[in-house]
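Presented below is the structure to which this report refers.
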Amino acid sequence: MDKPPKYPGYTALLPPRVRYDKALRPNAKLLYAEISAMADVTGFCWASNRYLAALFGVSKGTVTELLAQLAERGYIEIEVLRDEKNAVQERRVYVTDAGLIHLPPIAKNRDTPPPKNPDTPIPKNPEENDKKENNVPPYSPPKGGRARRDEHKAAPDYMPEAFEKLWQWYPGDPERHAKRGNRQRAIRAWDKLHPAPELIDTIADALARQAASDEWAEGVGIPHLSTYLNGYGWEGWTDGE
C-alpha cells in the first residue's frame, strides 16, 4: 500500500514529557502521537512501517529510525507475535507509562507579591487539574510492563554465537560500539527479538547492503546495534522489498 485509504480521525495524545524531550526528533513526537491515537482504539498500534510512512510522506527507513528512538527512550514497547514456526505474524506497538509521567512544575517566583485584593479567591491548583486530565492512559498496557534488567551479562541467552558474530561485524565507530552499556542494551534487544535463523539471514543480508551504502560507508546514520534491533532496521534493505 503506497498511501493509506484515509486519515484516521482518532484524537492523538502528546504529553509534556514527550513533547519537550529534546533528545527526540520532531517527527518522532508526531509518530508517538499517532501511535497513541491508534492505541486508544485497539489497545495497541497495529500499523506497519509501510502504512505509517505513507501516512506522513516519509520513507520506511525513517519510520524505523523514529520507532527505534521512541523505544530507546522508553516511550513505546514493541511486541512481535510469531507462529509455531517462529515466523512473524503481527507487530504491536504499545504506549508505555514513561511518557505519561507528569513533568515537575516550574518553580514559582518567591518575590512575586500576593494579590492586593484579599477577597480574590485562591485559584485552584492547575497542576492537579492537569494531572487528572493527562495521567489517564489512553491504551491497554501490555501485561507486566517493561522489564528492567540491570545485571551485567557477558552474552545473550539466545543463540550467543550468532549474536557475537553480529556484534563483532556490526559497522560503526569501534570506540562507541565497544562501550559496556551499548553491548548490554544490544544483548537485551537480541534476547527480546529472539530472531529465528531465517530472520538472522535476513538481517545479515540487509546489513551487507547497508554497509555498502554511501552514508554508512562514511560512518553517517549508523545506529547503535540495540537501536537497529529494536527498530527493525533491516526492513526495506532485503530482496523483494
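Read the figures in this text as sums done on the coordinates, not as results from a lab. Source: prediction; values computed, not measured. We place every Cβ from the backbone using ideal geometry, glycine too, and count neighbours over all the protein chains shown.
Below is a table of values for the structure above.
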| item | result |
| --- | --- |
| Mean Cβ count within 10 Å, highest first, over the residues of peptides 48-58, 182-192, 85-95 | 182-192, 48-58, 85-95 |
| Shape of the range 147-214, Cα gyration tensor, a/c cut at 1.5 | oblate |
| Positive-pole candidate from Asn86, Val63, Ile76, dipole of the range 58-101, charges at beta carbon | Val63 |
| Restricting the range 177-229 to GluC sites (Glu not before Pro) in coil, as DSSP defines it, with at most 12 other Cβ within 10 Å | Glu218 |
| Proximal charge balance of Lys22 [Cβ under 13 Å; K/R count +1, D/E count -1] | +4 |
